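Report on one structure; see the data block that follows.
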Amino acid sequence: MATPRPPAAPDDHARDPAAASEPGPPDAAQLHDALHQGQLRLFYQSIVDADCRLVAREVLLRWQHPQHGLLTPEQFLPLAEAAGLLAPIGDWVLDNACHTLAQWQRQQPATDWLVGVNISAAQLTAPGFCDSLLGCLQRSGADPTGLCLELIESSPLEQPDNNLLQQLNQLRALGLSLALDDFGTGYSALSHLQWLPVDYIKIDSSFVRNLPYTHRDRAIVEGLLELARRLEIQVVAEGVETLEQFDYLCSIGCFAFQGYLFDRPAEASPQMYSQAQLTAAPCRPN
Ligand code: G
Ligand code: MN
């Protein structure tokens, strides 16, 4: 009988050549380099109406890490926050998104769809945010009416936060629109509708996932649509993956839809410039 191997001591692991070549978790220095070495990428995902016409494209940040592959913001924003890199990364996203928006607007002067950029209240209320956004718009030549800020919340907001309110009103005066992202989960709360001047709410995908089969989710989503109708806010459904979800959401009057049923996030490409209708989209003939 073979003698059982004793459990590896911690430093045996360090001497194991296979383990030694495994990359450690991403660190702040790598993220700092990533920002300056072009490893951050912007992906775009379509948001369409019931006829699959483009309403907006949401900008999704990714980090193409040399060892770990493509990382999503959930995987590296905590690191960015700890390293004090949230502001420079946020500026980079806005600058690049404004450039792409300006290119799309030049290419298609009739462009009436929006580019949605995720932004936190902390970013919005940081000193100098408005100036830096204005700088991005001016440098790129983008028409601000094409920009939608998607407010994401990872911490509670003061109710109401007058500083934030003032910023948002200033931005809306420039023609930007505002969306409440991941609505109904975490800190994206009903109480925000009492005081935030928003144009869109994006229903979190967790409410969409089991539609149209669960009574509770139908009740919540239909209730939200009624609430939004009364407040004159448009509703966007996130995470639409099936035709059943899409048909049901259309039947109850949802304004726009985003999800793998229509397309996966992709980097901006020349054909994206001119595409105002998703040709491969699952739309029924009129
Ligand atoms: O928080 P926010 O809703 O902005 O997050 C969007 C994220 O959801 C993106 O990372 C995107 O890749 C992902 N996503 C987009 N559409 C779908 C979908 O239909 N299903 C799932 N599971 N994820 C999606
Ligand atoms: Mn979003």
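The values are calculated or read from the model by the stated rules, or taken from the named source; none is laboratory data. Note that the structure is a prediction, hence the values are computed from the model and not measured. Heads up, the Cβs are rebuilt from the backbone with ideal geometry, glycines too, and the neighbour counts pull from every protein chain shown. All accessible areas refer to the heavy atoms of the entire protein, side chains included, with ligands and DNA or RNA removed. Shrake-Rupley method; radii C 1.70, N 1.55, O 1.52, S 1.80 Å.
Of everything in region 126-145 that is among the hydrophobic types (A, V, I, L, M, F, W, C) and part of a loop (DSSP other than H, G, I, E, B), the residue that is least open to solvent (accessible area, probe 1.4 Å) is Ala142. In region 221-238, the residues that are within 24 Å of Ser46 (Cβ to Cβ) form Cβ pairs under 9 Å with partners that are in a strand (DSSP E or B) and open to solvent by 40 Å² or more (accessible area, probe 1.4 Å), at six or more places apart or across chains, as follows: Ala228/Tyr200; Ala228/Gln234; Ile233/Tyr200; Gln234/Tyr200; Val235/Tyr200; Val236/Tyr200; Glu238/Asp182.
For residues that are more than 23 Å from Tyr260 (Cα to Cα) and without any contact (Cβ under 8 Å) to a residue 24 or more places away in the chain, scanning just region 191-220, find the one that is least open to solvent (accessible area, probe 1.4 Å). That would be Ala219. Selection of region 156-190 for residues being within 15 Å of ligand 1 (Cβ to nearest atom) and either without any contact (Cβ under 8 Å) to a residue 60 or more places away in the chain or among the β-branched types (Val, Ile, Thr) (or both) yields Leu178, Leu180, Asp182, Phe183, Gly184, Thr185, Gly186, Tyr187, Ser188. Inside region 150-174, residues that are open to solvent by less than 60 Å² (accessible area, probe 1.4 Å) and within 16 Å of ligand 2 (Cβ to nearest atom) make up a count of 4.
A quick yes/no check of all residues on (1) out of contact with any helix residue (DSSP H, G or I) (no Cβ under 7 Å at 6 or more places or on another chain); (2) within 16 Å of ligand 1 (Cβ to nearest atom); (3) in a helix (DSSP H, G or I); (4) not acidic (Asp, Glu):
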site	(1), (2), (3), (4)
Val55	yes, yes, no, yes
Arg62	yes, yes, no, yes
Gly84	yes, no, no, yes
Trp92	no, no, yes, yes
Cys98	no, no, yes, yes
Ala110	yes, no, no, yes
Gly116	yes, yes, no, yes
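Assess whether Ser269 counts as being modelled with pLDDT under 95 and in contact with a helix residue (DSSP H, G or I) (Cβ under 8 Å, 6 or more places away or on another chain). Answer is no for this residue.
So, in region 32-75, how many residues would count as being aromatic (Phe, Trp, Tyr) and either out of contact with any Ser or Thr (no Cβ under 9 Å at 6 or more places or on another chain) or away from ligand 2 (no atom under 16 Å from the Cβ) (or both)? Write out each step before concluding.
Pass one, region 32-75, residues aromatic (Phe, Trp, Tyr): 43-44, 63.
Remaining after also requiring either out of contact with any Ser or Thr (no Cβ under 9 Å at 6 or more places or on another chain) or away from ligand 2 (no atom under 16 Å from the Cβ) (or both): 43, 63.
Matching residues across region 32-75 total 2.
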